[in-house]
Structure formats: C-alpha cells, structure tokens
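Written below as structure tokens is the structure these notes are about.
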Amino acid sequence: MFPNMPDEVFNLWLAPLIINDIGWPFHAIEDSTADTNWFRILHPYSLSVLSQLKWDLDSFLINKNVFCPLSNADINLIILNKSFDIQAFIVWDSESSRRTLAWHKEFIEITGGLCAPIAAVFTPSGIKVFDGHHRIAALLDLDLYDSIAIDAWIGT
C-alpha cells in the first residue's frame, strides 16, 4: 500500500502496531480510517495520501512549539502520565507508557541521543508525529530538546 515508504519506516512505525497492537483492517488505499483505531494515529491523512508520501531521513533540533496540536497534546499527555494515571483519558495502558518514557529517558541520558528516528510529516500547523512520541516526550522532560538533534524520517 505504501510503495514509497522505506522498509525502516514501515518496520519502525507501522509493523509493531499492526502485529502487536491494533491490526490492519484495510484492503485498499481508498479505505477510510474513520471508526478505526488508526484514525487518531493517521489523522488528518488518508491512506491514499500516505501512499504517495516520499520519505527522507533528516536531522534537526526541536523546540516545544514545533508540533501540530494533536502531536503536542499526545506528547504532553505522556509527560503528564508520569505523575498522574490518565489511562481513562488516553485509552491506552498508562503504566506501560510510564515505563516506556522512563526507558527512553535513561537511554538518552546514557547515549546522548534517541534509540531510533521518529516518523513525521510537516504540516501547516506544525510537525505531525506518527511514531516517536515517547522519545520526544523524554527529550522534553529532560529539558534537552534544544541540545540534541533528532533523526527523523520525514514524509513529504
């Protein structure tokens, strides 16, 4: 379905969700994501638009204001969840999210970088993160967001 997507992007982002988490209910790029778990992950992009994206690996510094509102909200919820159990609001395992955030923070402190590139697109309202919310939340929580360049697969 995604002929322009490098295997690394697929294996990093989509494969774990398909195999271990929410499956893949789609049969064609014309299928709608509405009323599926994929809607929040992919919104505002359709499968058709995603299939046309070309992906390039880039590196850049981030700041707290570069993300689109939905990605920013997701990142902030991950950070908030370390102190408050927000499972009912986020509708995913908050304990697992806390462990993941702690793991990424430790990884960054030990290595000085992220364990893998994020997957994202640039939109008029900011960067839409498809994969890497916990990695970015760890950088922000450690207050290292403007001192460590992140690698990112950028779809254009």
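Just so you know, all these numbers are worked out from the coordinates, no wet-lab data involved. In this text the structure is predicted, and so the values were computed from the model without any measurement. Cβ: placed from backbone, ideal geometry, glycine included. Neighbour counts: every protein chain shown.
Along region 7-23 the Karplus relation, 6.51 cos²θ - 1.76 cosθ + 1.60 evaluated at θ = phi - 60°, assigns HN-Hα couplings of 3, 4, 5, 4, 5, 6, 9, 7, 4, x, 5, 5, 7, 9, 10, 10, x Hz to successive residues, with x for each Gly and Pro. Computed from the alpha carbon positions, the gyration tensor of region 109-156 leads to an equivalent ellipsoid with semi-axes of 20, 11, 9 Å, biggest first.
Excluding Leu142 itself, what net charge comes from residues whose Cβ is under 9 Å from its Cβ, given Lys and Arg +1 and Asp and Glu -1?
Residues close to Leu142 contribute a combined charge of -2.
In this rough spin-label picture, where each label sits 7 Å from Cα along the Cβ direction, the Asp31-Leu80 distance is 3.2 nm. Distant-in-sequence amide contacts of Ile118, defined by a placed amide H-H separation under 5 Å and a gap of 5 or more residues or a different chain, comprise Asp151, Ala152, Trp153.
Around the Cα centre of the chain, unit charges on the Cβ atoms of Lys, Arg, Asp and Glu (plus for the first two, minus for the last two) sum to a dipole of about 220 debye. Checking (1) 27, 16, 14; (2) 67, 17, 11; (3) 25, 19, 14 against semi-axes √(5λ) of the Cα gyration tensor in Å calculated from these atoms, the matching label is (3). For a straight C-alpha distance cut-off of 19 angstrom, the lysines reachable from Lys82 (same-chain residues fewer than eight places away being disregarded) are Lys64, Lys105. In plain terms, the chain from Val49 to Ala102 could stretch by 15.7 nm, reckoned as 0.36 nm per residue minus the Cα-Cα distance. With Cα atoms defining each centre, region 1-57 and region 112-156 are spaced 18 Å apart in the structure.
Computed from phi, the 3J(HN,Hα) profile of region 112-120 under the Karplus parametrisation 6.51, -1.76, 1.60 (θ = phi - 60°) reads x, x, 7, 6, 6, x, 8, 10, 7 Hz, with x in place of Gly and Pro. Our summary gives the chain a relative contact order of 30 percent, counting only alpha carbon pairs under 8 angstrom and 6 or more residues apart.
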